[in-house]
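The values are calculated or read from the model by the stated rules, or taken from the named source; none is laboratory data. Computed from a predicted structure; not experimentally measured. Positions of Cβ are generated from backbone atoms using ideal geometry, with glycine treated the same way; all protein chains shown enter the neighbour counts.
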Amino acid sequence: MLLKWQCYLVQQYRRHGKYFVIFGLCLTINFLGHMIICGTNLSDGSLTHRNVHHNIYASLRSSASPKERHAFLVITILTGPVNFDRRKAIRETWLSSLPKDVQYYFMIGTKELPSEDRAALEYEQHQYKDLILLTNFKDSYYSLTSKVVSTFQWLDEHVDFQYVFKADDDTFARIDMISGELMKRLVAERFYWGFFDGRARVKKTGQWAEKNWILCDTYLPHARGGGYVLSRDLVQYISVNAEMLKQFNSEDISVGAWLGPLDIERKHDPRFDTEYRSRGCNNAYIVTHKQEVKDMREKFDLLQTGNKLCAKEFRTRNSYIYNWNVYPSSCCIRDDPSIP
């Protein structure tokens, strides 16, 4: 048994080099510690695949340096360097009264940024202290996948958290409801929550064309990018393996593909109005995408005065409940107008 493990490690080292050294060291230390402390007997079958998986994560976490920031839920908002008005509106609306143990950060790339824009960001940071300036990342609408990776790597290095809610600067969210539902979960791991799609055809033309997509004729099931929640272990998985993960043009499609093979809970929730265009307004929504500054302020005012999101509910198209019992190409039928 031990010889087989040694041969496997050698083979993987030849393939992955220095990245596998870290993994192998963590696994070896954990393996020896398990035998010494717990008296593991290999012959009794106690070293199962799930035990090894759990111990690998435990080793990675225990070997990490202490984090200087702590939160149950972290909100990361991807925003452009010059989008001050949107950030101001978000601060004054859906981020203005956060539940205890929730933190938020605006993620901005500053590499090759003009000096006047950098100075404006530094002044804004002095005022609010809620910007994370990614100095090694050049911010662009066409590099959002790299920005998500940089965001997750920053979180993994600096924050001790249980969940992350990834949003855009045109997203409106009810964080009290999101945090409240996450608090009810018994186990804060292997969790992916949002509005899922599994039958979207692969784009071959236009700005979001995926010319290197070869996995199948549709995108893999993924939560739409206007807002989704990941547990900490999934963020860490992406952070640690980033250099081996193929990046596609769309960040939400990339995250879905990266997490595709994993044994995790995918929770489809029609209260996430997070597609490429809004489905309208429904008082049940907890996340709404494609919102202008005036829309955010209007929704916030309505919540404050009447605990309703909408002045009048309306829809531009139907929603759906994701059917996980059929092939992804048949997952999502918009035939029930009662679904939010």
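Could you tell me whether region 319-329 includes any residue that is assigned by TED's automatic domain parsing to the domain that holds PHE172, surrounded by fewer than 21 Cβ atoms within 10 Å (Cβ to Cβ) and not charged (D, E, K, R)? No, every residue in region 319-329 fails to be assigned by TED's automatic domain parsing to the domain that holds PHE172, surrounded by fewer than 21 Cβ atoms within 10 Å (Cβ to Cβ) and not charged (D, E, K, R). Out of THR305, THR288, report the one residue that is exposed (fewer than 14 other Cβ atoms within 10 Å of the Cβ), of a type in the set (Val, Ile, Thr) and not assigned by TED's automatic domain parsing to the domain that holds SER179. One residue alone meets the criteria, THR305.
Return the residue satisfying two criteria in turn: it lies in region 240-252 and is under 17 Å from ALA167 (Cβ atoms) and touching a residue at least 40 places away in the same chain (Cβ under 8 Å), and of such residues it is farthest from the chain's Cα centre (by Cα).
Residues of region 240-252 under 17 Å from ALA167 (Cβ atoms): 250-252.
Those still in the list that are touching a residue at least 40 places away in the same chain (Cβ under 8 Å) too: 250-251.
On the way: SER250: 13, GLU251: 10 Å.
The qualifying residue farthest from the chain's Cα centre (by Cα) is SER250.
Output the residues belonging to region 146-170 that are part of a helix (DSSP H, G or I) and aromatic (Phe, Trp, Tyr). Even if it seems obvious, please write down each step before you answer.
In the first step, residues of region 146-170 are kept if they are part of a helix (DSSP H, G or I); the result is 146-158.
Across region 146-170, the qualifying residues are PHE152, TRP154.
Determine, yes or no, whether ILE264 is farther than 15 Å from TRP324 by Cβ and of a type in the set (Val, Ile, Thr). Steps first, please.
Values: farther than 15 Å from TRP324 by Cβ: no; of a type in the set (Val, Ile, Thr): yes.
Considered against the rule, which asks whether it is farther than 15 Å from TRP324 by Cβ and of a type in the set (Val, Ile, Thr), ILE264 comes out as no.
Name every residue in region 262-292 that is aromatic (Phe, Trp, Tyr) and in a loop (DSSP other than H, G, I, E, B), in order of residue number. Those that are aromatic (Phe, Trp, Tyr) and in a loop (DSSP other than H, G, I, E, B): TYR276, TYR285.
Each residue in region 227-261 was checked for being more than 26 Å from VAL187 (Cβ to Cβ) and part of a loop (DSSP other than H, G, I, E, B), and 5 pass. Of all the numbered requirements in (1) in contact with a helix residue (DSSP H, G or I) (Cβ under 7 Å, 6 or more places away or on another chain); (2) buried (at least 19 other Cβ atoms within 10 Å of the Cβ); (3) assigned to a loop (DSSP other than H, G, I, E, B), TRP213 misses one, and that requirement is (1). In region 216-239, which residue that is without any contact (Cβ under 8 Å) to a residue 40 or more places away in the chain and touching a helix residue (DSSP H, G or I) at 6+ places or on another chain (Cβ under 7 Å) is nearest to LYS67 (Cα to Cα)? Across region 216-239, the extreme among qualifying residues is HIS222.
Note on region 171-187: residues that are assigned to a loop (DSSP other than H, G, I, E, B) and either among the aromatic types (Phe, Trp, Tyr) or crowded, with 16+ Cβ neighbours inside 10 Å (or both) amount to 2.
In region 152-171, the residues that are within 19 Å of ALA223 (Cα to Cα) reach residues that are among the acidic types (Asp, Glu) and surrounded by fewer than 24 Cβ atoms within 10 Å (Cβ to Cβ) with C-beta atoms within less than 8 angstrom, at least six apart or across chains, in these pairs: ASP170/GLU292.
Okay, residues lined up against (1) in contact with a helix residue (DSSP H, G or I) (Cβ under 7 Å, 6 or more places away or on another chain); (2) within 26 Å of SER231 (Cβ to Cβ):
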residue	(1), (2)
PRO81	yes, no
TRP94	yes, yes
TYR104	no, yes
ALA119	no, no
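Going by the conditions given, is ASP301 touching a residue at least 40 places away in the same chain (Cβ under 8 Å) and outside any loop (DSSP other than H, G, I, E, B)? The answer is no for ASP301. Within region 257-267, can one find any residue that is outside the structural domain of GLU189 (by TED's automatic domain parsing), modelled with pLDDT of 95 or more and among the aromatic types (Phe, Trp, Tyr)? No - not one qualifying residue is present in region 257-267. Quick one: count up the residues across region 271-283 that are touching a Leu at 6+ places or on another chain (Cβ under 8 Å) and surrounded by fewer than 17 Cβ atoms within 10 Å (Cβ to Cβ). Of the residues in that region, 1 qualify.
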